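Worksheet: the structure to be examined is printed underneath.
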Amino acid sequence: MFTNNFDPVAFELFSLSIRWYSLAYIFGIIFGWIYCKQILIKTAAIQKLFDDYISYLIIGIIVGGRLGYVVFYNLFYFLKNPTEIFMIWNGGMSFHGGLIGIIVSTYLFSKKNDQDIFIFLDLVSVVAPIGIFLGRISNFINGELVGKVTNSNWGVLFPSYDEKLRHPSQLYEAFLEGIILFILINFIHFNKKNKVGTCSFMFLIFYGCFRIISEVFREPDIQIGYLFGNISIGTLLSLFMILAGSIIYLKKKNEI
């Protein structure tokens, strides 16, 4: 048994609390940016555009992630407390909302610069697992998004949540959605037969599948519970991801 007594605050800077979750976002973006610039991008034109694209990407992640949490996970609460929508420091971000934000911001950037949207979405798909991995590790440190009760030897006690042993579902997600997904999408990207758009739709399909597996071990959000049967909001949104990825695959296949 392991007791999770980690402090969500990484360090204090001039009386400002710097949390692990914030650092996960910062370093995820920095590592992703470096990986794209140094390894993935091969054309001078995209290299030149990519630095400007990062600004769109950050806005898409933050705005989409927050609005996704508001709409998907706690709409009625925020309708009653609209000013709290802007209080991101209190927590509450949605991966699926961030994904939508990325797609919208990438569409706007690509249209503005007359580029194929999938060029940039493919790059994001390759590096996104880095940020996802760091984010799930910070979820574990924070003792949030806990797993279901278990009697297994690797059960973790989250004192800030309750006194029951639970699956470290955050670590399951870090492994599947971070490490394994990174390996798979990078394998696709560096395959000589890889075509523009492939990394994007395969990311949607793989992440959706891995998230659904993880949801089996994850406690549903207390304010929502299960929508029906054992289907959580995370599972439902991931099913839509798989559907979207499959549609893009069929569209790309017909274009060949």
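Taken together, the values in this text are just the output of simple stated rules run on the coordinates, not laboratory data. Just so you know, these numbers come straight off a predicted model, no measurement behind them. Heads up, the Cβs are rebuilt from the backbone with ideal geometry, glycines too, and the neighbour counts pull from every protein chain shown.
For the reader, a short list of remarks on this structure follows.
- Note: region 169-256, Cα convex hull, 83 Å³ per residue.
- Residue pairs, from the table LYS48/LYS193; LYS37/LYS251; LYS37/LYS195, whose Cα atoms sit over 27 Å apart: LYS37/LYS251
- Only beta bridges with both residues in region 2-255 are counted; by DSSP, about 80 percent of them are antiparallel.
- Proximal lysines relative to LYS148, as straight alpha-carbon distance under 27 Å, when same-chain residues fewer than 8 apart are discounted: LYS164
- Options GLY143, CYS209, PHE190, ranked by Cα towards positive dipole end of the chain, top entry (Cβ charges): PHE190
- Whole-Hz ³J(HN,Hα) from phi, Karplus 6.51 cos²θ - 1.76 cosθ + 1.60, for region 225-235, glycine and proline x: x, 8, 5, 6, x, 10, 8, 8, 4, x, 5
- Choice from GLU219, GLU12, GLU177 with maximal GNM fluctuation in the chain (Cα, 10 Å cutoff): GLU12
- Residue among ASN230, ASN90, ASN139 with the largest mean-square fluctuation in a Gaussian network model of the chain, springs linking Cα atoms under 10 Å: ASN90
- Estimated vicinal HN-Hα couplings, Hz - region 92-101 in sequence order (Karplus 6.51, -1.76, 1.60; Gly, Pro = x): x, 10, 10, 4, 5, x, x, 4, 4, x
- Put simply, the amide H of ARG166, placed in the peptide plane, has neighbours under 5 Å in THR150, VAL156, LEU157, PHE158, leaving out anything fewer than 5 places away on its chain.
- GNM on the chain, alpha-carbon springs under 10 angstrom: the most fluctuating residue among TRP33, TRP20, TRP154 is TRP154.
- Region 44-161 shape via C-alpha gyration tensor axes, a/c threshold 1.5: oblate
- Sequence-distant residues sharing a close amide H with ARG19 (under 5 Å, placed H): ALA10
- With only the Cα atoms considered, region 59-126 has a convex hull volume of 86 Å³ per residue.
- For the pair LYS42 and LYS192 in one chain, pulling the backbone fully straight at 0.36 nm per residue adds 52.6 nm over the alpha carbon distance.
- Look at the dipole of region 41-158 built from charges on Cβ: of MET93, VAL156, ILE54, the Cα furthest out on the positive end belongs to VAL156.
- In this label model, TYR161 and THR3 are separated by 1.7 nm, measuring between points 7 Å along each Cα→Cβ vector.
- Between LEU227 and VAL104, the simple label model (points 7 Å from Cα in the Cβ direction) yields a spacing of 1.9 nm.
- Longest DSSP-loop-exposure-free segment, trypsin sites (Lys or Arg not before Pro), the chain, at most 11 other Cβ within 10 Å: 43-191
- Cβ-placed point charges (K, R +1; D, E -1), dipole of the chain about Cα centre in debye, nearest 20: 820
- In region 155-230, chymotrypsin sites (Phe, Trp or Tyr not before Pro) in a DSSP loop with at most 11 other beta-carbon atoms within 10 Å: PHE190
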